[in-house]
Amino acid sequence: MPICPKCHSEYRPGVTHCTDDGTELVDNLPADDMTSVTLEEVYATVSSVEAERIRGLLEAESIACYVRVLRSRAFPTAIGADSTSRIAVPRYQIERAVELIKQARADGVVSSDGNLLG
Ligand SMILES: [Zn+2]
């Protein structure tokens, strides 16, 4: 899907220039442009193993993926017991990511313990 490298708006196939800023659209943003991309969390799970599995799954589809671990206590009593892994992807890839996670759950690749966000 064509995307504006400047404002990251997505357009229908066939559109060549951004209607907002006139920038020429590209098919994919270069990987080194990730710092300027807005991340959104798509999935939360208490299983770090599952988080890593989903990360692998998304990265295999060229979706840049970030896992953030949140701890509900400052000093967890057991490793992993009090933490939640949250998976974030660039906003413009969120629909694809959700689709992949849903598919993985339907296929039993990941458990249904986690929560799709948003
Ligand atoms: Zn634009």
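Read the figures in this text as sums done on the coordinates, not as results from a lab. Since the model is a prediction, treat every value here as computed from it, not as a measurement. For neighbour counting, all protein chains shown are included, and Cβ atoms are generated from backbone atoms with ideal geometry for every residue, glycine included.
Rounded to the nearest Hz, the phi-derived 3J(HN,Hα) couplings of the stretch 37-44 under the Karplus curve 6.51 cos²θ - 1.76 cosθ + 1.60 (θ = phi - 60°) are 8, 6, 9, 10, 7, 10, 8, 10, where x marks glycine and proline. The charge dipole of the stretch 37-116, taken about its Cα centre with unit charges on the Cβ of Lys, Arg, Asp and Glu (plus for the first two, minus for the last two), comes to roughly 220 debye. The listed peptides 96-109, 11-24, ordered by packing as a protection proxy, come out as 96-109, 11-24 (highest mean of other Cβ atoms within 10 Å first). Taken over the Cα atoms of the stretch 37-116, the convex hull encloses 81 Å³ per residue.
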